[in-house]
Amino acid sequence: MKPKVDLRKIKAEELKTIDLDTVDINLEAPDFEPQRQYYFMAKCREWVREFERKYGRRPFAFIQTFGCQMNAKDSEKLIGILRQTGFEESPQQEEADLILYNTCTVRDNANQKVYGHLGYLQTLKKKRPHLIIGLCGCMMQEAQVVEKIQKSYSFVDLVFGTHNIYKLAELLYGRLKGKSMVIDIWESTKQSVEELPARRKYAFKSGVNIMYGCNNFCSYCIVPYVRGRERSRQPEEILDEIRRLAADGVKEVMLLGQNVNSYGKTLEEPMSFARLLRQVAQIDGVERIRFMTSHPKDLSDELIEAMRDCKKVCRHLHLPLQSGSSRILEQMNRHYTKEQYLDLVERIRQAVPEISLTTDIIVGFPGETEEDFQETLDVVRKVGFDSAFTFIYSKRTGTPAAAREDQIPEEVVKDRFERLLKTVQQIASQVCARDLGKIRDVLVESVNDHQEGYVSGRLSSNLLVHFPGDASLIGQILPVKLTEAKGFYYMGMVNKEAV
Ligand code: SAH
Ligand code: SF4
Ligand code: F3S
């Protein structure tokens with residue numbers, strides 16, 4: 001028998017390679033992280049072993065992500081913890097023994113989706129009473145949501161928020177040992193626990209959190225309330241994580257934050273996002289770097305220069321506009337005008353001519369007039385976005401804009417939304433065809449579900465390309481001739497001479 005390990009005496013760096021079956025779970029739990037969570041993962045394994053004896057297989061876990069890239073990144077961490085605990089991932093919730101919904105609350109339809117699914121989960125639980133149901137993420141940070149779940153969805157087992165996802169094993173253990181719903185929501189946190197297992201969705205690309213939270217309080221937006229204040233990770237910590245990813249075969253990293261352009265401002269030794277980007281670009285093995293999201297108000301010349309100089313930085317910038325009207329932008333608390341946005345686009349294009357620009361636009365913000373809306377259309381035409389995510393304004397309780405009385409009637413918003421969508425699509429299909437006939441590098445991501453014998457990958461500009469190939473190409477960067485422009489994607493052919 002192997003000697004039992006006291007996790008209180010193990011260093012954080014050693015945890016990733018530890019065999020959890022050797023942990024002495026009869027000792028007290030460590031009162032520091034991440035050791036404490038490894039202790040609870042080991043504790044949960046007892047339950048997993050019992051499950052295996054009873055059912056002759058490992059328990060299945062199913063996680064659904066409802067939100068943005070940061071939400072998706074959190075899901076990878078949750079899956080990592082569950083796998084370490086002994087769960088296997090299941091692609092179907094119907095056969096799962098644990099279902100976890102990682103929720104989003106940025107617009108009301110995100111919430112409605114979750115409530116819609118919950119009804120179905122109740123029927124699943126009736127059929128499989130041992131099923132454990134957990135809800136976590138941004139929506140759970142809202143008091144009225146948690147109240148509603150307690151009252152109307154009492155079959156839910158676990159409820160936790162955005163600040164304590166790293167505690168999944170501890171919370172799960174609490175539920176396995178107790179009888180009632182476990183609820184653990186934190187208002188805020190200064191701590192971020194990073195050295196926990198994570199399961200990457202793709203072997204060749206990965207998101208990397210560089211900061212958490214947001215300080216901008218755009219007047220329509222709930223994110224600062226549910227994700228808390230801005231916290232940047234230490235640059236060395238980020239670079240180490242990326243070096244490890246690169247050593248593990250990752251070719252593309254996406255640096256994640258609600259406003260990456262303000263990265264590092266609150267660090268003890270302040271550091272700019274541009275400097276971080278240059279350092280990431282020096283890491284061997286990393287061939288492509290993306291980042292999300294850039295706030296126009298904080299996009300510096302230093303960053304434009306870094307994008308120009310670093311060839312590994314993808315030729316794509318997501319630059320949310322929100323509105324083209326300076327009057328509305330001011331009320332949105334965005335801190336830039338229409339002219340400043342256009343000027344910024346001009347400067348970026350001068351430095352990086354082949355850049356592809358995408359954006360987010362909200363229609364129907366309180367008080368938006370037809371003239372304001374025309375300003376938005378004007379910017380869309382002037383910039384020529386490769387694509388735009390267009391959203392109907394959604395009232396979020398607790399935000400300043402929600403309290404306004406001049407909300408726009410639904411029919412007016414819908415009409416504007418349709419017109420915006422049409423304009424965006426028309427322009428995008430022209431813009432997106434600009435590389436037709438050229439040979440461009442494509443990072444192959446998957447086999448194509450719709451067309452047999454084809455694979456799909458992405459250009460530096462983030463556009464999709466489908467071309468003949470098989471699964472062995474996944475993860476490779478190949479020169480592909482773009483033979484057909486299909487509006488929002490290309491068809492292509494590997495360029496044999498250039499390989
Ligand atoms: N931090 C990012 C965006 C996060 S939310 C940024 O500032 O760009 C993603 C997008 O959702 C936003 O860009 C905005 O267009 C949209 N959004 C946010 N709140 C919204 C609301 N209340 N109604 C409609 N769309 C909203
Ligand atoms: Fe929301 Fe604005 Fe922060 Fe983006 S920058 S998350 S839109 S408050
Ligand atoms: Fe949604 Fe939370 Fe992201 S509200 S958009 S999942 S930060």
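Miscellaneous remarks
Here's the yes/no breakdown for (1) in contact with a helix residue (DSSP H, G or I) (Cβ under 6 Å, 6 or more places away or on another chain); (2) small (Gly, Ala, Ser); (3) assigned to a strand (DSSP E or B); (4) in contact (Cβ under 8 Å) with a residue 24 or more places away in the chain:
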| site | (1), (2), (3), (4) |
| --- | --- |
| Val106 | no, no, no, yes |
| Gly116 | no, yes, no, no |
| Ile133 | yes, no, yes, yes |
| Met139 | yes, no, no, yes |
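- Failed item in (1) surrounded by fewer than 20 Cβ atoms within 10 Å (Cβ to Cβ); (2) modelled with pLDDT under 95, with Leu196 passing the rest: (1)
- Pick from segment 49-71, criterion assigned to a helix (DSSP H, G or I) and buried (at least 17 other Cβ atoms within 10 Å of the Cβ), ranking: farthest from ligand 2 (Cβ to nearest atom): Phe51
- The set of residues in segment 242-260 that are within 17 Å of the chain's Cα centre (by Cα) and not aliphatic (A, V, I, L, M) comprises Glu252, Gly257, Gln258, Asn259.
- When residues of segment 94-137 are limited to those that are more than 13 Å from ligand 3 (Cβ to nearest atom), β-branched (Val, Ile, Thr) and surrounded by 13 or more Cβ atoms within 10 Å (Cβ to Cβ), the one nearest to Ile361 (Cα to Cα): Ile99
- Test: residue in segment 253-273 that is charged (D, E, K, R) and within 19 Å of Leu196 (Cα to Cα): no
- Meets criteria (more than 14 Å from ligand 3 (Cβ to nearest atom) and more than 19 Å from Pro197 (Cα to Cα)) for Tyr55: yes
- Residue within segment 324-335 that is within 20 Å of Arg107 (Cβ to Cβ) and charged (D, E, K, R) present: yes
- From the list Tyr173, Tyr263, Tyr212, Tyr166, the lone residue that is within 16 Å of ligand 3 (Cβ to nearest atom), of a type in the set (Ser, Thr, Tyr) and in contact (Cβ under 8 Å) with a residue 12 or more places away in the chain is Tyr212.
- Tyr202 being within 20 Å of the chain's Cα centre (by Cα), more than 16 Å from ligand 3 (Cβ to nearest atom) and surrounded by fewer than 20 Cβ atoms within 10 Å (Cβ to Cβ): yes
- From the list Leu463, Leu443, the one residue that fits, being aliphatic (A, V, I, L, M), crowded, with 17+ Cβ neighbours inside 10 Å and farther than 18 Å from Val352 by Cα, is Leu443.
- Filter pass, Ala403 being modelled with pLDDT under 95 and either touching a strand residue (DSSP E or B) at 6+ places or on another chain (Cβ under 8 Å) or within 16 Å of ligand 1 (Cβ to nearest atom) (or both): no
- Cβ-Cβ under 7 Å pairs, at least 6 apart or on other chains, segment 385-413 side under 27 Å from Ser429 (Cβ atoms), far side near ligand 1 (Cβ under 10 Å from one of its atoms) and polar (S, T, N, Q): Phe385/Thr359; Ala388/Thr359
- Filter result for Val253 (in contact with a Ser or Thr (Cβ under 7 Å, 6 or more places away or on another chain), part of a strand (DSSP E or B) and either under 19 Å from Thr103 (Cβ atoms) or touching a residue at least 40 places away in the same chain (Cβ under 8 Å) (or both)): yes
- Scanning segment 315-343 for residues that are over 16 Å from Ser460 (Cβ atoms) and away from ligand 1 (no atom under 14 Å from the Cβ) gives Ser325, Ser326, Arg327, Glu330, Thr337, Lys338, Glu339, Gln340, Leu342, Asp343.
- In segment 337-353, the residues that are more than 14 Å from Gly324 (Cβ to Cβ) reach residues that are assigned to a helix (DSSP H, G or I) and of a type outside the set (A, V, I, L, M, F, W, C) with C-beta atoms within less than 6 angstrom, at least six apart or across chains, in these pairs: Ala351/Arg308; Val352/Arg308.
- Test for Thr337: is it within 16 Å of ligand 2 (Cβ to nearest atom) and surrounded by fewer than 22 Cβ atoms within 10 Å (Cβ to Cβ): no
The values are calculated or read from the model by the stated rules, or taken from the named source; none is laboratory data. Remember, predicted model here, so these are calculated numbers, not experimental data. Counting neighbours? That spans all protein chains shown, and the Cβs are built from the backbone with ideal geometry, glycine included.
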